[in-house]
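Here's the structure, in structure tokens; my notes come after.
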Amino acid sequence: MQQRKKGEPSVLVLFGATGDLARKKLLPALLQLHTKGIYTKMPIICIGKRDITLTQFFTLVNLPKTKTLTSFKKRILYHSLDLALPNPDAFCKLLKQTANKHKSKGKRIFYFSLSPNLYQKALAFLETIPCLQDKEQQCVFEKPFGTNLTSAKQLNKAIKKLFHEKNIYRVDHYLGKELVQNILVLRFVNPLFANIWDRRFIDHVQITLSETIGVQERGEYYDATGAAKDMVQNHMLQLLALTAMEPPKSFDVDAVRDKKVQVLRQIGNVKTEDVVLGQYTKGVVDKKKVKGYRQETNVAKTSSTETFIALKTMVKTQRFRGVPFYLKTGKRLNEAYAEINVVLKKSKLRAKQNLTPQQNIVSIRISPDQGIAVLFNAKPPETTQIYQPVTMEFCYPCEFGAKTPEAYETLFEEIFLENQAHFTRWDGVKASWRFTDKLTTLIKMKRPATYKAGTSGPRQSDKLLQRDGRVWYTVKRKVVL
């Protein structure tokens, strides 16, 4: 993170404070920053629809028990707000009283951790508040930013009425992860990798985001969304952009984002035969029986929503012309991990035993065992075998300590610093939706195959690579934390 220079914001207003994300990620991240002594004075107004007391709110969110929890709680206020029956004057009064009580000055930050269908209502509410007629306020929006390109444009137009682009933070929490932020350093600061990072040496790229969890309490949202919009449109395309982008002139915020947008605009259309869809049925995950997708709460009994997607696409740039990118993500799979595997071209050497050397792989493990591994070939001792694959590893927590910041800690601090480096810009969101809209049109013409929960997904995803003479890789680590 950059050195802290900005003054502390006057107040953070958290819409959707009783929701799943706020309880599990946002408030714990703010507590952790408080524990580290970072921005400890800024009051936090938690907004929720439930008509409950502050004590009841603390019981509901059940924050981690830390030595600093008591002092952190003193910064929090809870305000019940029904967006269908708003009271602008009361809300304006609350903001002013809070700032005066805490003697806080600076920008207000409005964090929207809401269901996407409530974004417009929340913005319409803010537009009626007389003390907020200042575009220098900051706003933060969780994914998904719209449900398609049309709705994203409408949402962006509504936001621009109240906020300048420089004050709009569109969250993709993967961009807050340490190993994701290390991709550019790996690629552009190290000649070892920079000099091989193109179509002359790279055979193909695999990006896998594998989850063991199901849809949890998000059945209604997920059934209307699916894996393509929930994961590909944001996380996976951001990882693809970082992997395929051209070198920026500098690591300045917009220099990097310019290059990412260029890649997003150059992703090729996906062919029907290059997409595999899946939907999980009941099975066993982590030695526990779990229900099938159609049996999940608030999911239609005849749902055809995909919980798994694998696809092949191309990036139409000079650097990656002819290099396929394979993307795979799914829920209720047999293993939880996020990984980018850059697979190099096969060696032309053939040994006497007619053994084919293992292709070299640069593997970026985003989670859970953060690090970078390089798979290459070496001769084993005291054997006639010519070579066998071995792994050279960089273990991130081993090198820098196990207590690396969680993604939302990083993102919150960057919001407070007014640093947009790890947030998506509007033109990037627009380019992502253009690709995803075409993909979802294609998806509507296909029905997902079923796969048992606790497996690696539908068999067709293996065939997607096999027909190209390739296989999915999962590079095993020696260091498992």
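Tabulated data for the structure shown
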| read-out | value |
| --- | --- |
| Within the range 231-268, considering residues that are touching a Ser or Thr at 6+ places or on another chain (Cβ under 8 Å) and not in a helix (DSSP H, G or I), the one farthest from S303 (Cα to Cα) | E246 |
| Condition met for G457 (among the small types (G, A, S), assigned to a loop (DSSP other than H, G, I, E, B) and either modelled with pLDDT of 95 or more or not assigned by the TED database to the domain that holds K229 (or both)) | yes |
| The range 9-50: number of residues that are part of a helix (DSSP H, G or I) and closer than 19 Å to N87 by Cα | 0 |
| Among residues of the range 400-435, those that are more than 20 Å from the chain's Cα centre (by Cα), within 14 Å of E178 (Cα to Cα) and at pLDDT 90 or above, counted | 0 |
| Test: residue in the range 170-186 that is within 15 Å of L123 (Cβ to Cβ) and surrounded by 17 or more Cβ atoms within 10 Å (Cβ to Cβ) | yes |
| Residue in the range 363-372 that is touching a Lys or Arg at 6+ places or on another chain (Cβ under 9 Å), surrounded by fewer than 19 Cβ atoms within 10 Å (Cβ to Cβ), touching a residue at least 40 places away in the same chain (Cβ under 8 Å) and more than 25 Å from L175 (Cα to Cα) present | no |
| Hits in the range 160-170 - residues which are hydrophobic (A, V, I, L, M, F, W, C) and modelled with pLDDT of 95 or more | I168 |
| Qualifying positions in the range 387-399 - farther than 16 Å from L375 by Cα and in contact (Cβ under 8 Å) with a residue 24 or more places away in the chain | Y396, P397, C398 |
| Residue among P380, P357 that alone is of a type outside the set (A, V, I, L, M, F, W, C) and either without any contact (Cβ under 8 Å) to a residue 12 or more places away in the chain or in a strand (DSSP E or B) (or both) | P380 |
| Selection within the range 149-163 - of a type outside the set (A, V, I, L, M) and either closer than 25 Å to K438 by Cβ or exposed (fewer than 13 other Cβ atoms within 10 Å of the Cβ) (or both) | T150, S151, K153, Q154, N156, K157, K161 |
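The values are calculated or read from the model by the stated rules, or taken from the named source; none is laboratory data. The structure displayed is predicted, hence computed values, not measured ones. Neighbour counts run over all protein chains shown; Cβ positions are idealised from the backbone, glycine included.
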